[in-house]
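A.B. asks: So that we are looking at the same thing, I have put the structure below in structure tokens.
Rule-based calculations on the coordinates, nothing more; no lab input. The model shown is predicted, which means the values in this text are computed figures rather than measured ones. As a convention, Cβ positions derive from the backbone with ideal geometry for all residues, glycine included, and neighbour counts pool all protein chains shown.
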Amino acid sequence: MQQEYNPQSIEVAVQKSWADRDVYRAEENSDKEKFYCLEMFPYPSGKLHMGHVRNYTIGDVISRYQRMLGKNVLHPMGWDAFGLPAENAAIQNKTAPAAWTEQNIANMREQLKRLGFSYDWNREFATCEPDYYRWEQWFFTKLYERGLVYKKESEVNWDPVDQTVLANEQVIDGRGWRSGALVEKKKIPQWFIKITDYAEELLASLDTLDGWPDAVKTMQRNWIGKSVGAEIEFKIEGEAPLRVFTTRPDTIFGVTYVAVAADHPLAIQAAESSASVAEFRRECAQSSTAEADIETMEKRGIDLGISAQHPVTGEPVPVWCANFVLMSYGTGAVMAVPGHDQRDYEFASKYGIEIKPVIEPLEGELDISSQAFTEHGRLINSGQFDGLESGAAKSAITAWLVERSLGEERINYRLRDWGVSRQRYWGCPIPFVYDAEGNASPAQNFPVTLPTDVVMDGVGSPIKKMSSFIDTVHPLTGEPAIRETDTFDTFFESSWYYARYCCPDLDTAMLDERADHWLPVDQYVGGIEHAVMHLLYARFFHKLMRDVGLINSDEPFTRLLTQGMVTAETYYRIDDDGKRTFFNPADVELQTDDKGKVFAAVSKSDGQPVEIGGVEKMSKSKNNGVDPQSMIDKYGADTVRLFTMFAAPPDQSLEWNDDAIAGGSRFLRRVWNWFYKHQDVLTAQRLSPVAELDNANAATKALRLITHTIIKRVLFDYERQQYNTVVAAAMELMNALEKAEWSEMGVHGNLVLAEAAHALVKILAPVTPHLCDYLWSQYGNQNWLFDDEFLVLDESALVQDEITYVVQVNGKLRGKISVPADLGKAEIEHRAQEDENVARFLTDVTVRKVIVVPNKLVNIVAN
């Protein structure tokens, strides 16, 4: 063992030994209990960021810990390789997305290996590989055969310059995020999967996910959005009845207007004879349809000049067109009760529409002078239903409507069918062809391969112009046909990749029996930003695969850990136009006062001041990212791993701190130095737990007590995934080892030293595997560290002959006493008061009470 700790050389050597022995290969033919650990796979952007490092370190710590518990661990890695960023990069760098993606994968794979993650690289795949996406094409056709896939016209955000559909978040102030062109609302044919058929099961089975954070389950419940209520019919003379859904039929008497979407047939018809309605519809067409935007935008509308008949009173109710009603949700129409809905209240107040109260509080006075009363209560101004409380009124009014064929009970879901088609190039081709009449038929041979030798010019998808891809033969008739040129939403690939890891070498089917061996995933790790879309789609896909007969389980992920984000300070300048230019922390020099407090910052390049911003998530836009590679090169992978685990609990945000990572490096050097100093003893004794000791002296027992107290705590913390306290415990044990006086331990000193060293290596092994594996092999252990048993707790070591009590007088520390462990409370009180350091504070006072906290504290209350 060399004197100086050189992490780079040690880590490279240890990683080579792992690779040469292929130690992380997962096999199904094991009699060990299986454990499948998975982190959300990365998009191959070319470079790891600290968010990646934290996510994958957490997963690696879990995997190594479970391996040391004797489990047969599957821990795979791959690449979520399709997507729009590759197209943008290809345009910018004048290359093809496939080549750009392949190079990025190579770069990121090497970075992941350099961090020492325990991946089974034999199972690696990228979702852009035909051997992968051929099976989702096959699966899509099976869903089509089961009636779960359909195509219909759907309204989209259309960029007329880039000739592509934009997601809501890609529309900024009504313009395309890249082209700057005014976005148009356009209806185009889109492919959908009927996720709504599974809405109730997706909702109900959330209750089985005990290993998921409550916050994630709540977000999914809200997204699915189950609503129980009534669909009510408002008749319009000369037109089809207007049907609206409401969860509050108890407020039906308070309806003073009905609002429809800009694309509702009534609005379209009104626009034909009204220029103002036509103009309002054009304005709505350029507005965002994202729900978050609708919630905050100014609520605007226009009276269509027609009336609907109130279903109970028969009175005329004006019909308005409003920008907060979407045709894609429900029936495209809502009944407005301004007295009892705040949005309806604000709209009615703005346009002078009647506000009619029909619910009063069960206690107190009703006041709707400044806002709506939105709680449940007692009905007023509601005819024969007056006096009923809201719950009873809902049932009574719904029954009255059903009896007269004016409404029906209904359960609605906020969830809408999953639109899976995209008009972009870099994605999996949708496996359908069209005959001369435009009829769609599923392909029969897979994969339908995406051409990769393309030129990206930023205008539309290149395959839409490629006759070599478009022109084909109909699989059923043999007649000329054309291919579908839309590609799948990239959520499609990430919704089943976890299952394919179980059998990535299979070329005759999508999955085989190995999927049931490994699934469900025992531990999934990823950001909470994926709580709804990815996790919901993966749950849906799992149930689809079950129903097609590919797997037997109901849910994909048994336990979910959503790690916190990595944050860092931001620094910027504001130019004359008000634009902010951000500076990377590495390019900024901080100025501090004589107490070390930062009061200013300057750019290293020009020495001029920069503004100190807030602490925000590391991102390219804020230029506050820290390059993991530079940290690895400077400190080693183990130090980077140690910092990401120690700086904060896994589910909380981690603020980057240069001093803290340097502190982590110093700690590992302390560990190295201690092992180097004691290498002769450790080589002779090996790193192993101690058998029961006979006639151990007090010093030996004291160290064993510390060691096994820490072991007990660490075992608990590993189970609850609190790795920051695991590292803190290792530091505590290191302190104890450095302070120990071996000369006082007698004949057992070397044994206890080796035991404590054994515990320290095992505690740190999942977090800093290179250093620990090296130390383990240096001291005579023939078996591999991660195949060895984890920490062994000796309960007898926790039994104390004597206990030290802190003694306080009126809450202030006045002394310490050591007493036999079996001493009674009265005698403990007596000895505490007799201690000479304590007794002098009891002179001329009266002891009123003595409080004994077992095994810890004696507090004497006196006056």
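A.B. asks: Counting only other residues whose beta carbon sits under 13 Å from that of T768, what net charge do I get with K and R as +1, D and E as -1?
C.D. replies: +1
A.B. asks: All other residues with a Cβ under 11 Å from the Cβ of M40 taken together, and with Lys, Arg as +1 and Asp, Glu as -1, what is their net charge?
C.D. replies: It works out to a net charge of -3.
A.B. asks: Let me ask another. What is the calculated FRET efficiency for E589 to E4, with r their C-beta to C-beta distance and R₀ = 22 Å, to the nearest 0.05?
C.D. replies: Result of the calculation: an efficiency of 0.15.
A.B. asks: Determine the relative contact order of the chain: mean sequence separation of Cα pairs under 8 Å and six or more apart, normalised by residue count, in whole percent.
C.D. replies: Computed over the chain, the figure is 13 percent.
A.B. asks: On full extension of the chain, what length is gained from D547 through E155, given 0.36 nm per residue of separation minus the C-alpha to C-alpha distance?
C.D. replies: Extending this stretch completely gives an extra 138.1 nm.
A.B. asks: Fewest Cβ neighbours within 10 Å first, please rank K849, K142 accordingly.
C.D. replies: K849, K142
A.B. asks: Which lysines does K620 reach when only Cα atoms under 20 Å apart count, and residues fewer than 8 places away in its own chain are ignored?
C.D. replies: Hits, sequence-local ones excluded: K47, K579, K604.
A.B. asks: Next question. For region 226-412, what does the alpha-carbon gyration tensor say about shape, rounded, prolate or oblate, given a ≥ b ≥ c as the root eigenvalues, a/c under 1.5 as rounded, and a/b over b/c as prolate?
C.D. replies: Verdict is prolate for region 226-412.
A.B. asks: Straight-line reach from K71: which lysines have Cα under 30 Å away, leaving out those fewer than 8 places along the same chain?
C.D. replies: Cα-Cα hits under 30 Å: K16, K32, K34, K113, K217, K543, K712, K762.
A.B. asks: Provide the FRET efficiency to the nearest 0.05 for the N863-E655 pair, computing r from the beta carbons and using R0 = 45 Å.
C.D. replies: Calculated transfer efficiency: 0.45.
A.B. asks: How far apart, in nm, are the 7 Å Cα→Cβ label points at K604 and V455?
C.D. replies: Between K604 and V455, the label points sit 4.3 nm apart.
A.B. asks: Based on Cβ point charges of +1 for Lys and Arg and -1 for Asp and Glu, what charge dipole magnitude is obtained for region 795-848 about its Cα centre, in debye rounded to the nearest 20?
C.D. replies: Charge dipole of region 795-848: 400 debye, to the nearest 20.
A.B. asks: Let me ask something else. List the lysines whose alpha-carbon lies under 18 Å from that of K677, not counting same-chain residues fewer than 8 positions away?
C.D. replies: K739
A.B. asks: Separate question: Over region 566-641, what is the relative contact order in percent, taking alpha-carbon pairs closer than 8 angstrom and at least six residues apart?
C.D. replies: It comes to 33 percent, rounded to a whole number.
A.B. asks: OK, next. May I ask you to sort L148, L519, L642 by Cβ crowding, counting other Cβ atoms within 10 Å and putting the fewest first?
C.D. replies: L148, L519, L642
A.B. asks: Say the dipole of the chain comes from +1 at the beta carbon of Lys and Arg and -1 at that of Asp and Glu; which of P854, G364, I306 then lies farthest toward its positive end?
C.D. replies: Working it through, the farthest residue towards the positive pole turns out to be P854.
A.B. asks: If you don't mind, another one. Given the chain, what percent of its DSSP beta bridges are antiparallel, to the nearest 5?
C.D. replies: Of all bridge pairs located within the chain, approximately 80 percent are antiparallel.
A.B. asks: For the pair S328 and T247, how long in nm is the line joining their label points, each one 7 Å along Cα→Cβ?
C.D. replies: Output for this residue pair reads 2.1 nm.
A.B. asks: Would you mind counting up the charge near A509? Only other residues with Cβ under 15 Å from its Cβ, with Lys and Arg at +1 and Asp and Glu at -1.
C.D. replies: Spelling it out: positives minus negatives among the neighbours equals -3.
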